[in-house]
Amino acid sequence: MKNKIKIGIIICDRYRSCAGGKCLRAMQNKEGAFSIYTENDELELVGYTSCGGCPGGNIEYTPEEMIKNGVQVIHLATGFVVGYPPCPYTRQFEKFIEEKYGIPVEIGTHPIPQKYYKTHMALETWDSVEWKELIQPTLTDEATRLAYD
C-alpha cells in the first residue's frame with residue numbers, strides 16, 4: 001500500500017512564468033530533493049506558487065492555503081539556489097514556514113542542471129558551508145545534471 005504525501009512547491013518569483021516541468025519530472029522520478037521519498041511514497045502536488053518576489057511576500061500566507069489543500073511538505077524550488085544570485089532568504093523562508101505552520105520544508109526540487117552547476121562552481125558561489133548544505137539535496141551526478149539542462 002502506497003503512502004500518499006501531499007507536496008507544495010514554492011518557486012522563486014524570478015521564475016514566475018515557469019511551467020514547472022523540471023520540478024514535476026523530478027517529483028515523478030523521485031530525483032533531486034525528491035529522492036528522500038521511497039518507492040512506497042506516492043507524491044501528489046497540491047500547491048504551486050511563487051514566493052511573490054523579494055523579500056518573499058507570499059511566504060507569509062501561501063503555506064496556509066496549501067495546508068487547506070492537505071499539504072504535508074513544502075519544497076522551496078531549486079531556483080532558489082541556482083538563480084544568480086541565489087536567494088539570500090532561503091533559510092529564513094524555511095525557518096519561518098516551519099515555525100509558523102509546523103510543516104516541514106525541503107530545500108530544492110529538481111536536480112541542479114549542469115549549466116548552472118558549472119557557472120556557480122566557476123563563480124565560487126556555493127563555497128560557504130551554508131551554501132554547500134543548501135545545494136546538497138539537489139546536487140547529483142553529472143549525467144543527471146546534464147539530463148536537467
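The values are calculated or read from the model by the stated rules, or taken from the named source; none is laboratory data. Treat the numbers as computed from the prediction; the structure is a model and nothing was measured. No Cβ is skipped: glycine too gets one built from the backbone with ideal geometry, and neighbour counts run over all protein chains shown. Just so you know, the surface numbers come from the protein's heavy atoms only, side chains and all, with ligands and any DNA or RNA stripped out. Shrake-Rupley method; radii C 1.70, N 1.55, O 1.52, S 1.80 Å.
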Check your understanding: Out of (1) closer than 22 Å to P55 by Cα; (2) assigned to a helix (DSSP H, G or I); (3) open to solvent by less than 60 Å² (accessible area, probe 1.4 Å), the odd one out for T144 is which?
Key -> (1)
**Study point:** Residue in segment 110-130 that is over 18 Å from G32 (Cβ atoms) and among the basic types (K, R) present
**Key:** no
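This table checks each residue for (1) under 22 Å from T140 (Cβ atoms); (2) touching a strand residue (DSSP E or B) at 6+ places or on another chain (Cβ under 6 Å); (3) at pLDDT 95 or above.
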site	(1), (2), (3)
R16	no, yes, no
A26	yes, no, yes
E39	yes, no, no
L45	yes, yes, yes
T62	no, yes, yes
H75	yes, yes, yes
G83	yes, no, no
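Taking segment 130-141 on its own, how many of its residues are in contact (Cβ under 8 Å) with a residue 12 or more places away in the chain, part of a loop (DSSP other than H, G, I, E, B) and either open to solvent by 70 Å² or more (accessible area, probe 1.4 Å) or among the basic types (K, R) (or both)? Explain how you work it out, then say what you get.
Taking segment 130-141 first, the residues in contact (Cβ under 8 Å) with a residue 12 or more places away in the chain are 130-131, 134-135, 137-140.
Imposing the further condition that a residue be part of a loop (DSSP other than H, G, I, E, B) reduces the set to 139-140.
Still in the running and either open to solvent by 70 Å² or more (accessible area, probe 1.4 Å) or among the basic types (K, R) (or both): none.
Qualifying residue count for the region: 0.
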Exercise for review: Please go through segment 117-129 and pick out each residue that is surrounded by 11 or more Cβ atoms within 10 Å (Cβ to Cβ) and either hydroxyl-bearing (S, T, Y) or assigned to a helix (DSSP H, G or I) (or both).
Suggested key: Y117, K118, T119, H120, M121, L123, T125
Check your understanding: Mind checking which pairs have a first residue in segment 68-92 that is at positive phi and a second that is not in a helix (DSSP H, G or I), Cβ under 9 Å, 6 or more apart or different chains?
Key -> G70/K6; G70/E44; G70/V46
